[in-house]
Structure formats: C-alpha cells, structure tokens
Amino acid sequence: MNPPSIDIKDLLNGDTSLGLTFQTDLHVSYLPDDDDTPNLCVAVFDTPGESPEHGVDADSPAENPGVMVMVRGNIREYSEAYMLANDIKNFLKGESNHNFTLNGTKYVGIWSEGNPIPIGYDDEGRPLFTINFRIKRSG
C-alpha cells in the first residue's frame, strides 16, 4: 500500500474543480519555498491516525491512518486560502470518497476532523491553514 499522503495527493490531483497540479501547487510532505512555486499551494502529510483493526481480515487488517492537508495562501490573501482549504475539506469528505479503490487500496472512507484551522502566517506573510482527516482502508 502507498502512504496515505500519496493516495490523497492522487485524489486531489485528479479533481479538476480544485485546479491543483502535482509538483506545481500540490506536494507531498513539504511546501516548497522557491521562486518557481506558486504562493498558493497545498501539501499533504501523513499523520499517525488510530491503531489498526486486527481480526477484521487476517490477510489485510483495516488501517486507520490520518493525513493533514496544509494550504499556503498568497500574501495577505487569508480568505482565498481559507476557501481553498474548505473546498479540499468538502471534496475529500464527500460521498464519492467512501467505498472505493485507489492505487490497489480499498478505502472505506475519509472523514474530516473539523474545519480548516488557521495556524498563522509564514515569514513572507502568507496565511497557513491545516485540515486533518481520518481514513479507514485495507490492502
């Protein structure tokens, strides 16, 4: 199985309504800070989640990982960054992201753990938001 962050990146990259492109304004495990990277960008990070469920399927127990999505906005564009974070939250927790297979992994569901959380600004004055998700999946 892929790390959950890779699969979530593939979901986000595949949704044209979000307008995100992997390695341009969508990244895994880091937010680049170079002149070639748009200020408005997204990164997906793996988080611990919850313990696996043993006994459900001995060959492929259900995993309960988590991911955190971080959105960095354009300089002094708080609302724009919040709206993208909220759009990502609504997309990932949507009905289409329950009971599906992606990259060979069966996903029972993806659930948000609340609304986008403002975590301040970076050194360039770009707003930062995070959204946390719970995932249930098996191989």
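For this structure, a couple of remarks:
- Residues 136, 89 arranged by fewest to most Cβ contacts within 10 Å: 136, 89
- For 119, 8, 135, order by how many other beta-carbon atoms lie within 10 Å, fewest first: 119, 135, 8
- Among beta bridges that DSSP assigns inside the chain, antiparallel share in %, nearest 5: 90
- From most to least packed by mean Cβ count within 10 Å, the peptides 17-28, 92-103 give 17-28, 92-103.
- One decimal place: the segment residue 96-residue 1 gains 32.1 nm when fully extended, by the rule 0.36 nm per residue minus the C-alpha distance.
- Tilt relative to the chain, helix 78-92 - C-alpha long axis, 0 to 90 degrees, to 10: 20
We did not get these values from a lab; they are worked out from the coordinates using the rules stated. Note that the structure is a prediction, hence the values are computed from the model and not measured. Glycine also receives a Cβ, built like all others from the backbone with ideal geometry; neighbour counts cover every protein chain displayed.
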